[in-house]
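Report on the structure given below.
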Amino acid sequence: GGAKPRAGIKTVVTRTQKDTNLMIGQMMTNQADFIWKLSSDQTDQLEKTGRVQAVRSPTYRISMIAFSVDGATGPFTDPRVRQAVAYAINRKSIAENLMRGGSVQLDTVCATAQTACPKPSVVYEYNPEKARKLLAEAGYPNGFDTTLTGYTNRLVGEAVSGDLSKVGIRTNLQFLIFAPFREKWEKSELPIFNPETGLWGGG
């Protein structure tokens, strides 16, 4: 298609705003022209006004569940317990009903659109009964209590916590700002946690 034309916008002003409700207010009062990283519900409400255009599209950002097992103790050091977690979480439902838009269930630890993202060697379908069976085999027929830690996207953490509770893994949901979250992560002090990454890689 040839070279790109010169930019039509001469100046871009970027503001960092933690409160999404304030972002939406600025959009509705013409103090902002573009906002992003809204929840699906907030996007739905904005679309209903008929005054803004909402674009839902996939990105390279992924959300995952991880465990501290190196030098750690506790249930998650048993691979059967980790497999039970994988079977217990309804990732398809989270992607389609909670995140919506361009979100999809991933069976890898990378965005499939990325160059060299491998095909999964194992796929864990949503199977709560299999999760309960694995927990029983691992010595936890009645489940156990743990803390699930996150630092972003509380809605995903709440959905994961709800799914785990259905198979007997009762989670205390803890949210931290990133600095202490990372410090605890590096010290293997988080038995089960929900990191996210943008991957920062090209397709």
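Observations on the model:
- Criterion applied to Glu189, Glu183 was being modelled with pLDDT of 95 or more, of a type outside the set (Phe, Trp, Tyr) and either assigned to a helix (DSSP H, G or I) or open to solvent by 50 Å² or more (accessible area, probe 1.4 Å) (or both), and the one residue passing it is Glu183.
- Among all positions in the range 42-57, there is at least one residue which is more than 30 Å from Gly168 (Cβ to Cβ), among the hydroxyl-bearing types (Ser, Thr, Tyr), outside any loop (DSSP other than H, G, I, E, B) and open to solvent by 40 Å² or more (accessible area, probe 1.4 Å).
- Of Ile35, Ile24, all but one fail to be in a helix (DSSP H, G or I), surrounded by 13 or more Cβ atoms within 10 Å (Cβ to Cβ) and either touching a strand residue (DSSP E or B) at 6+ places or on another chain (Cβ under 8 Å) or of a type in the set (Val, Ile, Thr) (or both); the exception is Ile24.
- The range 101-112 - residue that is under 12 Å from the mean Cα position of the chain (by Cα) and not aliphatic (A, V, I, L, M) and, of those, surrounded by the most Cβ atoms within 10 Å (Cβ to Cβ): Ser103
- Residue match in the range 113-128 (condition: part of a helix (DSSP H, G or I) and either under 13 Å from the mean Cα position of the chain (by Cα) or under 28 Å from Thr146 (Cα atoms) (or both)): yes
- Scan of the range 28-45 for residues that are touching a residue at least 12 places away in the same chain (Cβ under 8 Å) and closer than 14 Å to Val13 by Cβ, ordered by number: Ala32, Ile35
The values are calculated or read from the model by the stated rules, or taken from the named source; none is laboratory data. Since the model is a prediction, treat every value here as computed from it, not as a measurement. For neighbour counting, all protein chains shown are included, and Cβ atoms are generated from backbone atoms with ideal geometry for every residue, glycine included. To get the accessible areas, we keep the full protein, side chains included, count just its heavy atoms, and leave off ligands, DNA and RNA. Shrake-Rupley method; radii C 1.70, N 1.55, O 1.52, S 1.80 Å.
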